[in-house]
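Here the structure is laid out as structure tokens; the discussion comes afterwards.
The values are calculated or read from the model by the stated rules, or taken from the named source; none is laboratory data. Just so it is clear, the model here is predicted, and its values are computed rather than measured. Positions of Cβ are backbone-derived with ideal geometry, glycine not excepted, and every protein chain shown enters the neighbour counts. Only protein heavy atoms, including side chains, enter the accessible area calculation; ligands, DNA and RNA are left aside. Shrake-Rupley method; radii C 1.70, N 1.55, O 1.52, S 1.80 Å.
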Amino acid sequence: MEFILFIFYPLALVSVRLVLIALACHGVLIIESAVRYGRIPLIGTHDTLGFLAWSIGVVYLVFGWGRRRDLYSYLAISLILLLLAGSVISPVMTGALPPVLNTLWFELHVILAFVSYALFAIGAIFGALYLNNGGREEETNQYRNLLLGYVLFSIAMIFGGIWAHFAWGTYWLWTPKELWTTIVWFYYSLYLHARLVRGWSGRPVAWMGIFGFCIVIFTYIGVGLLMKSSHEF
């Protein structure tokens with residue numbers, strides 16, 4: 001069933017609004033998985049890559065509703081398809097949530113984290129667009145995405161600390177994932193400081209937004225592959 005998404009998402013290359021078809025079908029798959037296993041489908045790389053792809057699609061639609069087909073669509077849809085491919089080849093984790101994860105704080109933490117990742121992704125794409133054509137609108141859209149992503153990511157970190165306290169009796173475990181998550185937060189804090197306090201604009205902040213998403217991807221995938229951590233994603 002997931003393979004049909006590889007047909008529907010490219011329809012956005014005809015018109016941005018046609019991504020609604022893919023998002024609707026993808027949303028049904030996410031809901032179906034939640035009903036089948038009795039939990040949010042956000043455990044392991046199969047679930048999280050798929051949810052991240054869907055989240056990027058939603059943000060792509062919101063910020064591209066009035067756009068015509070251009071580099072924005074090609075970059076966003078390519079990224080979505082890449083994430084979907086990773087999801088399809090990843091093993092599916094079945095069954096209910098482990099007791100340590102069966103809490104609202106965990107669900108809020110993960111959902112907000114991946115929505116913020118999606119905003120960081122689209123922010124990076126707008127940075128690439130600015131580098132390509134130097135449009136003021138692209139720089140503004142990058143800022144809006146990264147600011148909203150920063151706010152949601154900050155809330156996700158708070159919820160993660162609360163979840164950790166209930167699960168392990170401490171707000172902080174000093175795992176590689178937590179350390180790199182903090183690096184992500186400080187990096188986007190630096191971006192906002194450079195833009196709002198130091199008055200940076202143009203190519204420097206565009207590059208900062210792009211590099212920030214590289215850090216996000218490493219934190220999400222690279223840390224789990226290269227470092228031992230209590231987080232699986």
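Brief remarks on what is shown
- Taking the criterion of being at pLDDT 95 or above and either open to solvent by less than 30 Å² (accessible area, probe 1.4 Å) or among the charged types (D, E, K, R) (or both), the residues of the range 167-188 that qualify are V184, Y188.
- Residue check, S73 out of contact with any Leu (no Cβ under 8 Å at 6 or more places or on another chain) and not basic (K, R): no
- Residue list for the range 189-204, restricted to those being loosely packed, with under 14 Cβ neighbours inside 10 Å, modelled with pLDDT of 95 or more and of a type in the set (A, V, I, L, M, F, W, C): L190
- Restricting attention to the range 139-152, the residues being charged (D, E, K, R) and surrounded by fewer than 20 Cβ atoms within 10 Å (Cβ to Cβ) number 1.
- Across the range 138-159, the number of residues qualifying as of a type in the set (D, E, K, R) and under 20 Å from V58 (Cβ atoms) comes to 2.
- Failed item, numbered, when L131 is tested on (1) in a helix (DSSP H, G or I); (2) modelled with pLDDT under 95; (3) open to solvent by 10 Å² or more (accessible area, probe 1.4 Å): (2)
- Residues of the range 69-105 satisfying the condition of being open to solvent by 60 Å² or more (accessible area, probe 1.4 Å), of a type in the set (S, T, N, Q) and in a helix (DSSP H, G or I): S78
- The one condition in (1) at pLDDT 95 or above; (2) open to solvent by 70 Å² or more (accessible area, probe 1.4 Å); (3) touching a helix residue (DSSP H, G or I) at 6+ places or on another chain (Cβ under 7 Å); (4) farther than 18 Å from E2 by Cβ that W54 fails to fulfil: (4)
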